[in-house]
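Trainee: Take this structure, written in structure tokens, and hold onto it; I'll ask about it next.
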Amino acid sequence: MRVTDAAGLDARAVAAVARGELVLELGDELIGWLDGRRARMLAALDAGRPVYGVTTGMGAMSEVGLDQAAQSRQSEALLTARAAGGPPWLSPAETRAVLAVRLRTFLNGDAAVSAALCVRLAESIALGVLPAVPRRSTGVAGEIVGLAHLGAALTGAGEVLAREAGAGTRPAGEALAEAGLAPLRLGPKEGVALIEGVPMTTALAVLAAEDARVVLRRALTVLAAEFAITGAARDVLDARLARGDDALARVTERLRDLVGPLRHAHALQPPVSFRASPQVLAHLSRAIDALDAATERALGGVTDSPAFLDGEFVGSAGFYGYDLAVNLHAVTVALIGVAELGATRLHRLMDPAVTSLNAQLSAEPGPQTGLSPVHKRAVGVAHELRRQAIPSVIGPVETSDGQEDTQAFSLEAAQACRITLDGATEVLACELLAVHQARRLAVGRPDAVLPAAGLRAELDALTEGLPASVADRPFGRDVEALRNRLSAPH
């Protein structure tokens with residue numbers, strides 16, 4: 001993809017880069033614009049006024065002025081001690097996304113870095129020279145530790161991910177040489193620019209939103225199947241009940257399309273877990289939209305500090321990540337709701353009073369166990385996810401002699417969202433196995449309520465390869481197969 005301006009590298013492009021579907025190349029006009037902006041920044045720097053992190057130290061040392069010799073070393077010196085993180089590392093897909101977001105924020109022009117640095121970020125993606133970036137959150141106000149690892153790898157001093165999955169890391173200098181790249185020499189202000197902002201959280205938020213959409217789509221399919229199999233009354237899906245709520249209207253419309261008409265309701269009212277689920281899925285949809293808006297603000301906003309704006313160096317708090325953190329938390333809480341209601345509905349599926357099928361969806365209740373252990377697995381996952389509901393923005397701690405006296409811990413919010421996405425997918429896999437078992441038990445029963453043709457096709461595609469037998473077996477294998485099938489592509 002030839003990038004001609006910053007706006008072209010949007011969230012959708014970042015996600016495609018993460019999946020390995022796009023490599024980036026900077027257009028000649030864009031390179032010229034970057035060079036011109038950097039020249040203006042260097043001229044402003046020559047005026048001799050103190051510039052944080054460029055002609056001074058950082059953090060508690062910001063009052064310490066640097067002589068010319070120290071200034072010449074400052075960009076790379078900023079990365080050395082701050083590369084204090086360690087494994088687990090971000091995955092290759094996540095790292096590509098971080099590099100793409102770091103490039104996007106540089107293309108905004110506020111950092112006034114060189115075109116050469118921007119080109120190197122694109123080359124790192126294209127050639128697979130991916131910095132080893134720590135996943136774990138640290139007690140910094142922004143993302144300085146993780147980004148120091150990223151920057152150090154560009155200069156050849158850090159580590160990169162080994163190409164073989166699970167093989168750990170290797171010295172960046174070796175990988176650069178093999179790729180035909182020389183270690184990058186950083187110029188004035190490029191060190192501080194590399195470690196400012198929130199490109200890690202932004203990238204992880206882009207991927208979280210993509211994956212949450214997959215969970216939403218799968219959850220609608222599974223919920224529709226559960227409505228169909230139980231013969232649940234469809235009143236709650238009536239379009240008139242979504243008045244004033246566009247998200248709920250979209251969710252109930254999709255569910256109506258999937259479940260099809262109902263000949264007769266099994267009961268006057270289905271359990272509350274069925275009736276409340278459209279609201280919970282609508283809320284997840286709204287939370288995803290809000291996270292999308294937050295990532296757009298992070299991609300296009302001023303996140304550098306000091307930013308070069310209208311010829312001046314302006315300190316900012318664009319590194320704080322509060323907006324992203326609270327919106328990631330909102331998605332996390334919505335996903336926990338999806339998982340909890342999913343585990344509850346799964347319990348209802350094992351009740352003959354709800355489904356008219358065998359107790360615990362067992363082939364032979366008593367001699368055979370059925371899916372009770374699968375439900376207990378889902379319960380355990382949903383209970384564990386509750387620990388992710390604590391907002392990361394609560395509980396700041398003073399560091400750096402009081403200079404950094406609060407943190408948003410946005411990377412912690414991103415990690416909590418990732419854990420919850422995986423857990424919600426696991427609960428969906430347990431539910432889908434129960435749907436499959438119920439469909440098999442219903443074969444040949446004249447009173448069975450079967451899914452409509454379109455929904456049957458979706459379910460058949462998702463459960464392809466699962467055993468047709470309803471007899472007990474090690475159901476964990478089936479759950480893992482379904483987890484892999486339900487997971488997002490990256």
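Trainee: If packing is taken as the mean number of other Cβ atoms within 10 Å per residue, what is the order of 360-367, 94-101, 141-148, highest first? Each step should come with its number before you reach the end.
Mentor: Numbers: 360-367: 16.1, 94-101: 27.6, 141-148: 25.2.
Answer by packing, highest mean first, reads 94-101, 141-148, 360-367.
Trainee: Using unit Cβ charges (K, R positive; D, E negative) and no other charged atoms, how large, in debye to the nearest 20, is the dipole of the chain about its Cα centre? Intermediate values should be presented prior to the final figure.
Mentor: Details: 47 positive and 56 negative charges, 325 e Å.
In debye, rounded to 20, the chain gives about 1560.
Trainee: Using amide H atoms built 1.01 Å from N in the peptide plane, name the residues 5+ places from Val3, or on other chains, whose amide H lies under 5 Å from its own.
Mentor: Counting only residues 5 or more places away or on other chains, the set is Glu25, Leu26, Gly27.
Trainee: Probe radius 1.4 Å, ligands and nucleic acids left out: which of Ser410, Ser400 has the largest accessible area, and how do the rest follow? Write out the running numbers ahead of the final one.
Mentor: On the way: Ser410 5, Ser400 45 Å².
My answer, sorted largest first, is Ser400, Ser410.
Trainee: If you average over every viewing direction, what projected area does the convex hull of the Cα atoms of segment 126-181 give, in nm²?
Mentor: Averaged projected hull area, Cα only: 4.1 nm².
Trainee: In sequence order, what are the phi-derived ³J(HN,Hα) couplings for segment 92-97 according to the Karplus relation 6.51 cos²θ - 1.76 cosθ + 1.60 with θ = phi - 60°, rounded to whole Hz, with x for glycine and proline?
Mentor: x, 5, 5, 5, 4, 5
Trainee: Leaving out ligands, DNA and RNA but keeping every protein chain, what accessible area does Ser487 have, in Å² rounded to the nearest 10, with a 1.4 Å probe?
Mentor: 50
Trainee: Taking the chain as the reference, fit the longest principal axis to its C-alpha atoms, fit the long axis of helix 199-230 to the helix C-alpha atoms, and give the angle between the two in degrees, 0 to 90, nearest 10.
Mentor: 10
Trainee: Right, next: Kirkwood Rh over alpha-carbon pairs of segment 412-477, then Stokes-Einstein at 25 °C and 0.890 mPa s: what D in µm² s⁻¹, rounded to an integer? Write out the running numbers ahead of the final one.
Mentor: Values: Rh = 13.9 Å.
Answer from the Stokes-Einstein relation: 177 µm²/s.
Trainee: Mind ranking 167-177, 324-334, 207-217 by how tightly packed they are, going by the mean number of other C-beta atoms within 10 angstrom, highest first?
Mentor: On the way: 167-177: 16.5, 324-334: 25.4, 207-217: 22.0.
Per-residue Cβ counts within 10 Å, averaged per peptide and sorted highest first, yield 324-334, 207-217, 167-177.
Trainee: Could you state the angle between the C-alpha long axis of helix 410-442 and the longest principal axis of the C-alpha atoms of the chain, as a value from 0 to 90 degrees rounded to the nearest 10?
Mentor: 20
Trainee: Once amide H atoms are placed 1.01 Å from N in the peptide plane, what residues at a sequence separation of 5 or more from Val160, or on another chain, have their amide H within under 5 Å of its amide H?
Mentor: Hits under the 5 Å cutoff: Ala132, Arg170, Ala172.
Trainee: Using a simple charge model, +1 on the beta-carbon of Lys and Arg, -1 on the beta-carbon of Asp and Glu, nothing else, what dipole does segment 197-308 show about its Cα centre, in debye to the nearest 20? It would help to have the intermediate numbers written out before the result.
Mentor: Details: 13 positive and 13 negative charges, 98 e Å.
The calculation lands at about 460 debye.
Trainee: For the chain, max minus min Cα coordinate along each principal axis, in Å, sorted largest first?
Mentor: Extents along the principal axes, in whole Å: 86, 48, 45.
Trainee: Residue by residue through segment 42-50, what is 3J(HN,Hα) from phi via Karplus (6.51 cos²θ - 1.76 cosθ + 1.60, θ = phi - 60°)? Round to whole Hz and write x for glycine and proline.
Mentor: Rounded to whole hertz, the list is 5, 5, 5, 5, 5, 5, x, 6, x.
Trainee: Further question on the same structure: Hey, for a label at Ile390 modelled as a point 7 Å past Cα toward Cβ, could you say which residues of segment 329-371 have their backbone N under 16 Å away?
Mentor: Counting only backbone N, you get 329, 333.
Trainee: Something else now. Between Ala408, Ala182, Leu90, whose Cα lies farthest towards the positive end of the dipole of the chain when Lys and Arg beta carbons carry +1 and Asp and Glu beta carbons carry -1, centred on the Cα centre?
Mentor: Leu90
Trainee: Related question: Skipping prolines and chain starts, which residues have an amide H placed within reach, meaning under 5 Å, of the one on Leu22, given they are 5 or more residues away or on another chain?
Mentor: Under 5 Å from the amide H of Leu22 lie the amide H atoms of Val17, each far enough along the sequence or on another chain.
Trainee: Please name which of Ala330, Gln74, Thr425 has its Cα lying farthest along the dipole of the chain towards the positive end, using unit charges on Cβ (Lys, Arg +1; Asp, Glu -1) and the Cα centre as origin.
Mentor: Of the candidates, Thr425 comes out farthest on the positive side.
Trainee: Mind checking the dipole of segment 38-91: about its Cα centre, +1 per Lys or Arg Cβ, -1 per Asp or Glu Cβ, Debye to the nearest 20?
Mentor: Working: 5 positive and 4 negative charges, 37 e Å.
Dipole magnitude for segment 38-91 comes out near 180 debye.
Trainee: Using the Karplus curve 6.51 cos²θ - 1.76 cosθ + 1.60 with θ = phi - 60°, what ³J(HN,Hα) values do you get for each residue of segment 11-18, in whole Hz, with x for Gly and Pro?
Mentor: For segment 11-18, the Karplus-derived couplings read 4, 5, 5, 4, 4, 5, 4, 4 Hz, x marking Gly and Pro.
Trainee: While we're on this one: Sorting check: for 155-166, 368-379, which peptide has the highest mean count of neighbouring beta carbons within 10 Å, and how do the rest follow? Walk me through the intermediate numbers first.
Mentor: Working: 155-166: 16.7, 368-379: 19.8.
Descending packing order for the listed peptides: 368-379, 155-166.
Trainee: Compute the distance from the alpha-carbon center of segment 154-195 to that of segment 358-404, in whole Å.
Mentor: 38
Trainee: Right, another one. In degrees from 0 to 90, rounded to the nearest 10, what is the angle of the helix 322-349 Cα long axis to the longest principal axis of the chain?
Mentor: It is inclined by approximately 20 degrees.
The values are calculated or read from the model by the stated rules, or taken from the named source; none is laboratory data. Owing to the predicted nature of the structure, the values given are computational and were not obtained by experimental measurement. Every residue, glycine as well, gets a Cβ built from its backbone with ideal geometry; the counts of neighbours run over all protein chains shown. In case anyone asks, the SASA skips ligands and DNA or RNA and just uses the protein heavy atoms, side chains included. Shrake-Rupley method; radii C 1.70, N 1.55, O 1.52, S 1.80 Å.
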